[in-house]
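These notes are about the structure you will find just below.
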Amino acid sequence: MRIGELATRTGVSVRALRYYEEQHLLTSERSPSGQRHYPDTAVAHVLAIQCFYAAGLSSKTIRELLPCMHTGVATPAMHARLTSERDRMNAQIADLAKARDHLEALMAAGEGMVDGETRCAPQSA
């Protein structure tokens, strides 16, 4: 498929796909006229790259993980890196859950409206 179709199928801009190639995260074959052509497997590959970016991984880290993505086999060093990234994400998830809990507590405390305003903390007399 050509770059425009890959962009449409993944919801990723053509510019981002070119960037992925510059970062050696994605490869394409070139036609005699210079157009990029991707295999059908590129859709899942791009979606995985997007997922890793959304999780906070850098291009460098994603590039290091590509061999595992292609083969399903992780070296001991790669496994340690995957474990480290998973632990970082778990800590981030825990922090987000705490922030959500604080927001929910504020919302519960502000259930009563006074003069059209939500009170988040008891008023001192």
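The values are calculated or read from the model by the stated rules, or taken from the named source; none is laboratory data. Note that this is a predicted model, so its numbers are computed, not measured. A quick note on method: Cβ atoms are made from the backbone with ideal geometry, for glycine too, and the neighbour counts reach across all protein chains shown. Note: areas computed on protein heavy atoms with side chains; ligands, DNA, RNA excluded. Shrake-Rupley method; radii C 1.70, N 1.55, O 1.52, S 1.80 Å.
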Seminar exercise, completed: Subset of region 21-39, residues surrounded by fewer than 12 Cβ atoms within 10 Å (Cβ to Cβ) and at negative phi, comes to E22, E29, R30, S31, P32, S33
Problem set entry | Residue ID - least open to solvent (accessible area, probe 1.4 Å), chosen from residues in region 1-20 that are among the β-branched types (V, I, T) and more than 16 Å from F52 (Cα to Cα) | I3
